[in-house]
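Student: Just passing along the structure, written as structure tokens.
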Amino acid sequence: MRAPVAVAPDQSLPEREVGPVTQTDIVRFAGAGGDFNPLHHDPEFARAAGFPGVLAMGQMHAGMLAAWLTDWCGVEHLREYEVRFVAPVFLGAVLRFSGEVAGVRDGVAELTLRAIRGEDEVLRATARVAVT
């Protein structure tokens with residue numbers, strides 16, 4: 001087991017950039033999660049629904065953000081993770097993950113996290129992780 005990370009209030013987490021999101025990424029996630037909504041694989045259906053094309057499942061980028069977080073802190077130290085979907089993610093998107101320590105109390109850090117596409121926030125999250 002990894003030792004908990006050492007943090008301080010207002011500390012920034014190391015950023016990560018992922019992407020561009022491909023149709024293969026979406027199809028693989030659909031197969032793994034069983035989400036075969038045509039918004040994620042049928043461009044005409046997505047356009048008829050008012051989108052410019054197919055979009056990634058929200059749980060896909062929520063999972064990517066969680067993986068980035070646990071690469072940093074260790075999954076064994078994750079105590080809570082909550083997300084809010086803000087905007088859709090389309091093919092070709094490059095996402096930048098970032099976060100900061102909002103506070104530390106009794107060996108647990110409260111984190112605010114986000115996924116940004118260009119200048120647009122697509123996902124907001126909070127997490128609690130055990131720290132030193």
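Student: Among the residues of region 92-103 satisfying the criterion of being over 16 Å from residue 71 (Cβ atoms) and crowded, with 18+ Cβ neighbours inside 10 Å, which is nearest to the chain's Cα centre (by Cα)?
Tutor: Applying the filter and picking the extreme gives 93.
Student: Residues 44, 119, 110: which one is within 27 Å of residue 3 (Cα to Cα) and more than 15 Å from the chain's Cα centre (by Cα)? Before the answer, list the steps.
Tutor: Details: 44 fails: within 27 Å of residue 3 (Cα to Cα); 119 fails: within 27 Å of residue 3 (Cα to Cα).
Going through 44, 119, 110 in turn, the sole match is 110.
One line per residue, one yes/no per condition, for (1) under 18 Å from residue 18 (Cβ atoms); (2) part of a helix (DSSP H, G or I):
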{"site": "47", "(1), (2)": "no, yes"}
{"site": "53", "(1), (2)": "no, no"}
{"site": "62", "(1), (2)": "yes, yes"}
{"site": "66", "(1), (2)": "yes, yes"}
{"site": "84", "(1), (2)": "no, no"}
{"site": "101", "(1), (2)": "no, no"}
{"site": "112", "(1), (2)": "no, no"}
{"site": "130", "(1), (2)": "no, no"}
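Student: Sticking with this one: Filter region 10-36 for residues that are in a loop (DSSP other than H, G, I, E, B) and either modelled with pLDDT of 95 or more or on the phi > 0 side of the Ramachandran plot (or both) and give the result.
Tutor: Scanning region 10-36 gives 10, 11, 13, 14, 15, 19, 20, 21, 22, 34.
Student: Continuing with the same structure: Could you list, in sequence order, all residues of region 114-128 that are of a type outside the set (A, V, I, L, M, F, W, C) and part of a strand (DSSP E or B)? Walk me through it before giving the result.
Tutor: Within region 114-128, the subset of a type outside the set (A, V, I, L, M, F, W, C) is 114, 117-121, 124, 126, 128.
Within region 114-128, 114, 117, 120, 121, 124, 126, 128 qualify.
Student: Right, another one. Based on what the data block shows, is residue 38 in contact with a helix residue (DSSP H, G or I) (Cβ under 6 Å, 6 or more places away or on another chain) and surrounded by fewer than 16 Cβ atoms within 10 Å (Cβ to Cβ)?
Tutor: So residue 38 passes the test.
Student: Please identify the pairs in which a residue from region 115-132 that is touching a residue at least 24 places away in the same chain (Cβ under 8 Å) has its Cβ atom under 6 Å from the Cβ atom of a residue that is exposed (fewer than 15 other Cβ atoms within 10 Å of the Cβ) and of a type in the set (Asp, Glu), counting only partners at least 6 apart or on another chain.
Tutor: Qualifying pairs under 6 Å: 126/82; 128/80.
Student: Can you tell me how many residues within region 72-89 are of a type in the set (A, V, I, L, M, F, W, C) and buried (at least 18 other Cβ atoms within 10 Å of the Cβ)?
Tutor: 3
Student: Starting from region 24-40, take each residue that is under 15 Å from residue 62 (Cβ atoms) and touching a residue at least 40 places away in the same chain (Cβ under 8 Å) and list its partners that are not charged (D, E, K, R) and not in a loop (DSSP other than H, G, I, E, B), counting only C-beta distances under 9 angstrom and pairs at least six apart or across chains.
Tutor: Note: pairs meeting the criteria are 26/40; 26/55; 26/60.
The values are calculated or read from the model by the stated rules, or taken from the named source; none is laboratory data. Note that this is a predicted model, so its numbers are computed, not measured. Heads up, the Cβs are rebuilt from the backbone with ideal geometry, glycines too, and the neighbour counts pull from every protein chain shown.
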